[in-house]
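K.L.:
One structure, as structure tokens, below. Some questions next.
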Amino acid sequence: MSVDDFGRLMASADPAMIVVTTVAENDPAGCLVGFHAQSSISAEQYCLWLSKANHTYRTGLRATHFAVHFLTEADLAVAEWFGTRTGENTDKFVGRGAGRSGRDTDEHGLPLLRDCPNRMVVEKIATLDDGGDHACFTTRVLSAHTEGTFTPLRLRDVAHLDAGRSSESRAVHP
């Protein structure tokens with residue numbers, strides 16, 4: 001198989017981009033995510049694949065819940081903030097990191113981005129690490145909110161961003 005062919009196929013799929021936020025032991029984390037999908041209709045389940053290089057992955061291993069923020073075409077600045085910085089060096093939730101008007105928390109302590117109202121709150125039910133550079137978190141949808149139909153921000157819209165950390169780097173101690 002040609003890596004170039006695989007890459008072209010995946011780029012052509014042009015997935016919608018999301019920001020995943022979580023918290024564990026008062027350690028909030030969030031990152032830009034392109035690997036995600038509905039995985040069941042009944043019960044409502046959703047899968048998130050988080051890079052093992054990310055602070056959000058390490059926090060997610062200890063977390064019980066996640067917030068999944070669906071980005072619109074107007075949310076490029078949010079995608080840039082959460083996609084080009086690493087949580088080890090930046091508190092992504094201070095000032096602009098949570099959007100123009102900041103963040104709220106829900107009953108689980110999850111950081112919710114005020115400027116991203118199209119979102120779900122999910123509960124982790126399983127984690128799968130098959131040895132790749134991402135791990136899959138299977139979740140149960142607890143709540144969903146949308147302000148109506150929107151045009152999602154897509155991979156092609158953020159392809160120019162330089163990631164806060166390369167996918168080749170791995171956590172020494174996840």
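No lab work stands behind these numbers, since they all come straight from the coordinates. All figures in this text were calculated on a predicted structure; none of them were measured in a lab. In this analysis, Cβ positions are derived from the backbone assuming ideal geometry, glycine residues included, and neighbour counts consider all displayed protein chains.
K.L.:
Just the number: Rg to Rh for segment 58-97, Cα atoms, Kirkwood Rh, two decimals. Let's see the in-between values first.
P.N.:
Numbers: Rg = 11.6 Å, Rh = 11.7 Å.
That ratio equals 0.99.
K.L.:
Under a 5 Å amide H to amide H cut-off, with H placed in plane at 1.01 Å, what residues pair with His65 once short-range neighbours are removed?
P.N.:
Sorted by chain and number, the residues that satisfy this are Val23, Lys124.
K.L.:
Still on this structure, please answer the following. What is the extension gain from Thr149 to Ser40, computed as 0.36 nm multiplied by their sequence separation minus the C-alpha to C-alpha distance, in nm to one decimal?
P.N.:
Stretched fully, the Thr149-Ser40 segment lengthens by 37.1 nm.
K.L.:
Mind putting a number on the dipole of the chain about its Cα centre? Charges go on the C-beta only, +1 for Lys and Arg and -1 for Asp and Glu, and I need it in Debye to the nearest 20.
P.N.:
Result for the chain is approximately 180 debye, rounded to the nearest 20.
K.L.:
Can you give the local net charge around Gly34? Use residues other than it whose beta-carbon is closer than 12 angstrom to its beta-carbon, Lys and Arg +1, Asp and Glu -1.
P.N.:
Net charge in that neighbourhood comes out at 0.
K.L.:
Going by amide H atoms built from the backbone, whose H comes under 5 Å of the H on His134, apart from near neighbours?
P.N.:
Long-range HN contacts for His134: Lys52.
K.L.:
Just from its helices, what would the mean residue ellipticity at 222 nm be for the chain, if runs of 4 or more DSSP H residues each count -39500 (n - 2.57) and the sum is divided by every residue, rounded to the nearest 500 deg cm²/dmol?
P.N.:
Numbers: 4 runs with 31 residues, N = 174.
Result for the chain: -4500 deg cm²/dmol, rounded to the nearest 500.
K.L.:
Say each of Ala159 and Arg140 gets a label point 7 Å from the Cα, pointing the same way as Cα to Cβ; how far apart are those two points in nm?
P.N.:
Simple spin-label model gives 4.0 nm for this pair.
K.L.:
Based on the Cα gyration tensor of segment 3-158, what are the three equivalent ellipsoid semi-axes, each the root of five times an eigenvalue, rounded to whole Å and given largest first?
P.N.:
21, 19, 17
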